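Participant: A single structure is presented below for examination.
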Amino acid sequence: MSLAWMKQVLTYLEGVRNPLPPSVHNFYVLIETTGSNETHDKEKLEAFLLHSMESGLISDGVVAQDINQASSFWRIREGITEALMKAGAVYKYDLSLPVEKMYNLVEKMRIRLGQRAKVVGYGHLGDANLHLNVSTPEYDDTVLAQIEPFVYEWTSNHRGSISAEHGLGLMKANKIHYSKSPETVELMISIKKLLDPNCILNPYKVLPHTLLQE
């Protein structure tokens, strides 16, 4: 998560504090590891952090010493959604992009929307999953028109997918063409019709329902 939204979480959520010494960092990364030998695993993690700091990859860091401290770290990460909701209306997008392009879309949207909205990006570096959130005081159709279909088009043009961990579901079913070719969608529909001719299994999701009725 970025510095701006670390501050947002600390502002809107009670009892949450920054575990790092007061300083300015552009981004914060939460790393959780697990293994069969706690002592050995901790040594490896600390060696990784030391090497990363010496190489300039990171500028600061802190290691949780017990489960309570670990939970407090996760409270910050998991509190982003709650903080956003307390700040006003939120437009949410669950995307996957090449890692080197992940934050580019956030910056692009900030320029595109200007002062009309706050844009926050966070997610999972391991699977290149970006949670793009656009926060406004209230829902506004003119803001939505600036977001869609631009977000989908930009993602498609940069070899990304408009759905990641949360899938296409109901809301994105008609937008599958931004991530899949017409031939792929046609094949998916033919398989769906073969296995579920009455479209009663998980209806109206993933695939455009109008195409399934043809």
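The values are calculated or read from the model by the stated rules, or taken from the named source; none is laboratory data. Worth saying up front: this structure is predicted, and the values here are computed from it rather than measured. Please note: Cβ atoms are built from the backbone with ideal geometry, for glycine as well, and neighbour counts cover all protein chains shown.
Participant: For the stretch 90-102, enumerate the residues that are without any contact (Cβ under 8 Å) to a residue 40 or more places away in the chain and buried (at least 16 other Cβ atoms within 10 Å of the Cβ).
Facilitator: M102
Participant: Here's another thing I want to ask about it. Identify, please: which residue in the stretch 137-172 is of a type in the set (D, E, K, R) and without any contact (Cβ under 8 Å) to a residue 60 or more places away in the chain and is, among those, surrounded by the most Cβ atoms within 10 Å (Cβ to Cβ)? Steps first, answer last, please.
Facilitator: Looking only at the stretch 137-172, we keep the residues that are of a type in the set (D, E, K, R), and these are 138, 140-141, 148, 153, 159, 165, 172.
Now restrict to residues that are without any contact (Cβ under 8 Å) to a residue 60 or more places away in the chain: 138, 140-141, 148, 153, 172.
Working: E138: 7, D140: 14, D141: 7, E148: 12, E153: 12, K172: 19.
Among residues in the stretch 137-172 that are of a type in the set (D, E, K, R) and without any contact (Cβ under 8 Å) to a residue 60 or more places away in the chain, the one surrounded by the most Cβ atoms within 10 Å (Cβ to Cβ) is K172.
Participant: So, of the residues in the stretch 1-37 that are at pLDDT below 85 and among the charged types (D, E, K, R), which turns out to be surrounded by the fewest Cβ atoms within 10 Å (Cβ to Cβ)?
Facilitator: E14
Participant: Collect the residues in the stretch 52-78 that are under 20 Å from the mean Cα position of the chain (by Cα) and among the charged types (D, E, K, R), keeping them in residue-number order.
Facilitator: R75, R77, E78, listed by residue number.
Participant: Y204: modelled with pLDDT of 95 or more, touching a helix residue (DSSP H, G or I) at 6+ places or on another chain (Cβ under 7 Å) and either aromatic (F, W, Y) or not assigned by TED's automatic domain parsing to the domain that holds A128 (or both), yes or no?
Facilitator: no
Participant: I've got another one for you. Those residues that are β-branched (V, I, T) and either exposed (fewer than 10 other Cβ atoms within 10 Å of the Cβ) or in contact with an Asp or Glu (Cβ under 8 Å, 6 or more places away or on another chain) (or both), I need them from the stretch 38-74; list them, please.
Facilitator: Of everything in the stretch 38-74, those that are β-branched (V, I, T) and either exposed (fewer than 10 other Cβ atoms within 10 Å of the Cβ) or in contact with an Asp or Glu (Cβ under 8 Å, 6 or more places away or on another chain) (or both) turn out to be T39, V63, I67.
Participant: Oh, and also: Select the helices (runs of 4 or more DSSP H) contained entirely in the stretch 61-180, then report the ones holding at least 2 residues which are out of contact with any His (no Cβ under 7 Å at 6 or more places or on another chain) and closer than 30 Å to R17 by Cβ. Reasoning before the result, please.
Facilitator: Values: elements: 67-78, 80-87, 102-113, 141-147, 150-157.
Per the criteria, 67-78, 80-87, 102-113.
Participant: Going through the stretch 91-124 one residue at a time, which ones are over 21 Å from I176 (Cα atoms) and among the polar types (S, T, N, Q)?
Facilitator: Hits for the stretch 91-124 are N104, Q115.
Participant: Got a sec? Which of L187, L211 is hydrophobic (A, V, I, L, M, F, W, C), at pLDDT below 90 and in a helix (DSSP H, G or I)?
Facilitator: Only one candidate passes the filter, namely L211.
Participant: Could you list, in sequence order, all residues of the stretch 175-214 that are among the hydroxyl-bearing types (S, T, Y) and within 18 Å of S163 (Cβ to Cβ)?
Facilitator: Y178, S179, S181, T184, Y204
Participant: Mind listing whichever residues of the stretch 80-129 are hydrophobic (A, V, I, L, M, F, W, C) and under 13 Å from the mean Cα position of the chain (by Cα)?
Facilitator: I80, L95, L97, V99, M102, L105, V106, V119, V120, L125, A128
Participant: Only one of (1) touching a residue at least 60 places away in the same chain (Cβ under 8 Å); (2) within 20 Å of G126 (Cβ to Cβ) fails for I31. Which number is that?
Facilitator: The number of the failed condition is (1).
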